[in-house]
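What follows is a short report on a single structure.
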Ligand SMILES: Cc1cc2nc3c(=O)[nH]c(=O)nc-3n(C[C@H](O)[C@H](O)[C@H](O)COP(=O)(O)OP(=O)(O)OC[C@H]3O[C@@H](n4cnc5c(N)ncnc54)[C@H](O)[C@@H]3O)c2cc1C
Ligand code: FES
């Protein structure tokens with residue numbers, strides 16, 4: 001895994017939904033290394049610990065990062081102005097294992113949706129299923145539609161798209177896909193893993209609390225159960241964030 005910490009230039013910071021911001025940051029050295037499902041660790045001014053954010057999209061010179069304001073760090077990030085410099089450690093972690101010739105279904109919930117865009121763009125004819133609590137929180141639908149003919153939106157309250165959960169749609173579509181890649185809250189990942197079990201392979205991306213982001217502090221340690229081995233304390237930043245759905249204990 002090749003990563004480094006470098007100054008990136010913030011070139012765009014736009015509010016795209018209630019409390020959700022869309023950044024574009026540029027650095028010609030590190031952006032080209034990004035792979036689908038990887039993340040970056042961002043130095044926020046005046047804060048000691050960096051903030052991990054998934055790579056939503058990437059090209060040779062820039063990364064797109066979409067984040068929700070949760071606490072002080074992301075609030076400060078939301079107030080930064082284009083032209084400012086940001087220190088970013090990138091690209092980090094092991095992302096989705098995407099193989100040619102398969103039809104993938106990308107299943108995202110809430111702020112777990114962004115990393116699926118870059119991943120979906122690497123595949124042929126993907127099926128996209130994204131779910132949000134309500135229409136105010138819906139993001140990235142046009143971006144997915146630019147790369148897929150089948151983009152299905154669900155909301156918990158029925159205020160946009162299908163009334164219900166992503167798993168209601170996934171269950172109906174299992175016969176049309178080869179593999180699932182999912183990112184979202186733990187209860188959603190647990191439900192997606194249950195729907196896929198014994199039918200299609202499923203990879204899940206975990207958003208565990210993190211410190212260093214590079215395997216040095218153990219803040220992100222979580223118990224996993226590799227298929228052929230004993231239970232293992234995995235570091236999500238280093239061994240993940242993407243795991244086979246059957247390796248994960250869904251606590252939370
Ligand atoms: C691999 C990975 C990818 C992520 N991708 C995204 C993304 O694309 N968009 C997005 O909005 N959020 C994402 N998150 C969650 C995001 O990192 C947290 O919401 C953010 O760190 C909260 O920081 P804060 O200072 O605003 O909140 P506070 O709660 O004040 O944070 C305090 C400390 O806890 C850590 N922390 C708090 N919540 C989390 C969390 N859920 N995950 C990791 N560390 C946390 C912070 O880094 C900080 O060190 C991701 C997390 C991980 C681990
Ligand atoms: S965040 Fe430090 S070991 Fe993973």
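What to note about this one:
- Cβ pairs under 8 Å, 6+ apart, first in segment 65-78 and outside the structural domain of residue 109 (by TED's automatic domain parsing) and touching a residue at least 12 places away in the same chain (Cβ under 8 Å), second in a loop (DSSP other than H, G, I, E, B) and within 16 Å of ligand 2 (Cβ to nearest atom): 72/47; 73/44; 73/47; 73/49; 76/44; 76/47; 77/44
- Members of segment 157-170 found to be surrounded by 15 or more Cβ atoms within 10 Å (Cβ to Cβ) and part of a loop (DSSP other than H, G, I, E, B), listed by number: 160, 161, 165
- Any chance residue 67 is under 16 Å from the mean Cα position of the chain (by Cα), outside any loop (DSSP other than H, G, I, E, B) and closer than 20 Å to residue 168 by Cβ: no
- Taken together, the criteria place residue 242 among residues that are under 21 Å from residue 52 (Cα atoms), in the same structural domain as residue 121 (by TED's automatic domain parsing), away from ligand 2 (no atom under 13 Å from the Cβ) and buried (at least 19 other Cβ atoms within 10 Å of the Cβ).
- Verdict on residue 48 being within 16 Å of ligand 2 (Cβ to nearest atom) and assigned to a loop (DSSP other than H, G, I, E, B): yes
- Some residue of segment 175-184 being within 16 Å of ligand 2 (Cβ to nearest atom), surrounded by fewer than 21 Cβ atoms within 10 Å (Cβ to Cβ), touching a residue at least 12 places away in the same chain (Cβ under 8 Å) and assigned to a loop (DSSP other than H, G, I, E, B): no
- Unique match (being away from ligand 1 (no atom under 16 Å from the Cβ), over 18 Å from residue 94 (Cβ atoms) and touching a residue at least 24 places away in the same chain (Cβ under 8 Å)) among 191, 245: 191
The values are calculated or read from the model by the stated rules, or taken from the named source; none is laboratory data. What you see is a predicted model; the values in this text were computed from it and never measured. Every residue, glycine among them, receives a Cβ derived from its backbone with ideal geometry; neighbour counts consider all protein chains shown.
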